[in-house]
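Here's the structure we're looking at; comments come further down.
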Amino acid sequence: RRIQEEIKHGLAMNPPLVPTDDDRKIIDKIAAYIVKRKLTTAAILFLETGKPLNFVASQFLVFIQPFATFLLNQQEYERFTRTLEHRQGVELLIQAINRADADGLASFMREDESSEKTDRGDQEETRT
């Protein structure tokens with residue numbers, strides 16, 4: 001009987017992740033940091049490859065916590081590691097990175113278009 005209980009516990013799945021607004025803010029903050037450092041492709045590749053090991057990876061994050069709290073405070077970091085214990089948490093992070101990358105590209109393109117308009121206006125003034 002005891003062996004059955006241990007096996008049942010060992011094979012139990014985590015309940016589904018229901019991210020809170022705070023969880024989403026933390027994930028968005030990390031995604032923005034990744035995109036700002038131009039690590040989008042590497043981060044997504046790493047996260048997709050490591051999905052089957054997400055729990056082990058989240059436990060590694062707990063281990064390196066004293067060194068890794070440069071971006072998040074201690075409570076945010078603990079919340080982030082708990083979120084990554086779930087496969088849905090990894091998927092949320094990937095989606096957030098993709099959104100931040102798309103938003104960054106869109107804002108970059110808007111900035112580029114506005115600078116082109118300014119440059120064209122300057123060129124027209126120079127001709128007259």
**OP:** Collect the residues in the range 69-79 that are open to solvent by 20 Å² or more (accessible area, probe 1.4 Å) and of a type in the set (A, V, I, L, M, F, W, C), keeping them in residue-number order.
**Re:** 70, 71
Original post:
Restricting the first residue to the range 17-31 and requiring it to be closer than 13 Å to residue 94 by Cα and touching a residue at least 60 places away in the same chain (Cβ under 8 Å), which pairs with a second residue that is in a loop (DSSP other than H, G, I, E, B) and open to solvent by less than 80 Å² (accessible area, probe 1.4 Å) meet a Cβ separation below 7 Å and a spacing of at least six or different chains?
Top reply: 30/71
Original post:
Has the range 40-55 got at least one residue that is more than 27 Å from residue 104 (Cβ to Cβ), surrounded by 12 or more Cβ atoms within 10 Å (Cβ to Cβ), of a type outside the set (D, E, K, R) and modelled with pLDDT under 80?
Top reply: yes
Original post:
From the set of residues in the range 57-76 that are over 18 Å from residue 28 (Cα atoms) and among the β-branched types (Val, Ile, Thr), which is modelled with the highest pLDDT?
Top reply: 64
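The values are calculated or read from the model by the stated rules, or taken from the named source; none is laboratory data. All figures in this text were calculated on a predicted structure; none of them were measured in a lab. Heads up, the Cβs are rebuilt from the backbone with ideal geometry, glycines too, and the neighbour counts pull from every protein chain shown. In case anyone asks, the SASA skips ligands and DNA or RNA and just uses the protein heavy atoms, side chains included. Shrake-Rupley method; radii C 1.70, N 1.55, O 1.52, S 1.80 Å.
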